[in-house]
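Here's the structure we're looking at; comments come further down.
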Amino acid sequence: MKALVTGGAGFIGSHLADRLLAEGHEVDVVDDLSTGSLANLADARRVSGGGLTFHQMDTRDPALVQLMRRCRPQVVFHLAAPKPAAGAVESAESHVVGSTRVLEAARQAGVHKVVYSSGAAIYGNPDPSDLPLRESHPQRPCTMVGVAQKAVTDYLYAYRETYDLEFTALALAHVYGPRQKPGVGGPVVTTFASDLVAGRPSVIHGTGGATRDFLYVDDAVDALARAGTRGGGLLINVGSGHETAVRDLYRAMAAQAGGPATADRGPARPGDIRRLALDPGRASIHLGWKPWTTLAEGTASLLEWWRADPA
Ligand SMILES: NC(=O)c1ccc[n+]([C@@H]2O[C@H](COP(=O)([O-])OP(=O)(O)OC[C@H]3O[C@@H](n4cnc5c(N)ncnc54)[C@H](O)[C@@H]3O)[C@@H](O)[C@H]2O)c1
């Protein structure tokens, strides 16, 4: 297979490039390097044997059409996205305009399928009694990123209806693992790992009772790779189905790392979703997928990665 990965110099995209190359596919990466980095593709370059080509380009660039016509991928994995903390206008421009450009380029280049990585933010702030969420749950996003991802998912259906461009949209749970960037307001598992390895106090925002469905990056990448050939025309949740409270996550990671058993408290963040877990039933049926990394295994491996290369 010839694949093109947008956002392939980022966290999940670079792991996906590694996986596709390891399976013997040719991979073109399109990334504007606004937050991603070529260092994330160092492993891919080493093992690619010439199968990896990098293109520095913004997905909103009209030249994406020519580039895709030249590369002629069969499948486009669309993972380019701005920081989750991006403002409403930047988020809409990058997600919505960038994604319609990707779809338009894919259509014009005769691409067979687009795989899109959406997030649970499309569902908004669900009632806990509805957890773990199924794909039939109403989509009432309450964050800028959720609104933008829902719009992109609607475009996917429209392009399939209008132009026969196949798609699979994966609603990924909270993905964590090596190469993810930590930081204030950033991904909680990675931020705890970097704090614990550096001996810095961690901050839990709110009571710590908020729950998330944590998914190790290799498991997320496995679902993406499977979606290259399966699950056509579907939105598919990719999560474990289990909730873990942020304060329990911190306690477990602190015990693994030998860090302080309690974290500092910070103010709750506006728009934070209270509780979340995604039902993996449809992923099991249509992708033959289930997560195989336990949270304890995943956090241990992440801590080891941070210890080996804290820079
Ligand atoms: N990390 C998670 O927990 C998670 C959960 C659900 C969904 N997702 C989605 O998965 C995708 C990948 O997430 P990630 O965590 O790897 O993000 P990331 O920020 O690590 O990677 C995004 C990449 O896209 C690039 N990029 C940004 N805007 C671009 C543009 N306009 N043109 C070209 N490249 C651009 C960045 O440079 C970066 O390399 C995103 O769409 C994200 O919304 C992530």
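The values are calculated or read from the model by the stated rules, or taken from the named source; none is laboratory data. Treat the numbers as computed from the prediction; the structure is a model and nothing was measured. Heads up, the Cβs are rebuilt from the backbone with ideal geometry, glycines too, and the neighbour counts pull from every protein chain shown. SASA here: full protein model, heavy atoms, side chains in, ligands and nucleic acids out. Shrake-Rupley method; radii C 1.70, N 1.55, O 1.52, S 1.80 Å.
Structure summary
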read-out	value
Output for the range 2-15, where each listed residue is closer than 15 Å to ALA109 by Cβ and open to solvent by 10 Å² or more (accessible area, probe 1.4 Å)	LYS2
Strands (runs of 3 or more DSSP E) wholly inside the range 187-296 containing at least 2 residues that are within 16 Å of the ligand (Cβ to nearest atom) and surrounded by 21 or more Cβ atoms within 10 Å (Cβ to Cβ)	214-216, 234-238
Residues of the range 297-311 that turn out to be open to solvent by 70 Å² or more (accessible area, probe 1.4 Å) and among the aliphatic types (A, V, I, L, M), as a count	2
Residue among TYR250, TYR216 that is closer than 30 Å to LEU21 by Cα, touching a Phe, Trp or Tyr at 6+ places or on another chain (Cβ under 8 Å) and in contact (Cβ under 8 Å) with a residue 24 or more places away in the chain	TYR216
So GLY206, is it in the same structural domain as MET144 (by TED's automatic domain parsing) and not hydrophobic (A, V, I, L, M, F, W, C)	no
Only one of PRO178, PRO182, PRO138, PRO126 that is part of a loop (DSSP other than H, G, I, E, B), touching a helix residue (DSSP H, G or I) at 6+ places or on another chain (Cβ under 7 Å) and modelled with pLDDT of 95 or more	PRO178
Unique match (being within 20 Å of ASP272 (Cα to Cα), part of a helix (DSSP H, G or I) and within 20 Å of the chain's Cα centre (by Cα)) among ALA121, ALA85	ALA121
Hits in the range 16-37 - residues which are of a type outside the set (S, T, N, Q), within 10 Å of the ligand (Cβ to nearest atom) and open to solvent by 30 Å² or more (accessible area, probe 1.4 Å)	ASP32, LEU33
Residues being more than 21 Å from ALA121 (Cα to Cα) and surrounded by 21 or more Cβ atoms within 10 Å (Cβ to Cβ) - total across the range 58-100	6
Of residues in the range 158-173 being in contact (Cβ under 8 Å) with a residue 12 or more places away in the chain and over 28 Å from ARG212 (Cα atoms), the one least open to solvent (accessible area, probe 1.4 Å)	LEU165
So ARG46, is it at pLDDT 95 or above and among the basic types (Lys, Arg)	no
Every pair of residues 6+ apart whose Cβ atoms lie under 8 Å, when the first sits in the range 57-68 and is without any contact (Cβ under 8 Å) to a residue 60 or more places away in the chain and of a type in the set (Lys, Arg) while the second is assigned to a helix (DSSP H, G or I) and open to solvent by 40 Å² or more (accessible area, probe 1.4 Å)	ARG60/GLU93; ARG60/VAL97; ARG60/ARG101
Every pair of residues 6+ apart whose Cβ atoms lie under 6 Å, when the first sits in the range 268-295 and is free of Cβ contacts under 8 Å to residues at least 40 places away in the same chain while the second is part of a loop (DSSP other than H, G, I, E, B) and surrounded by fewer than 17 Cβ atoms within 10 Å (Cβ to Cβ)	SER284/LYS290
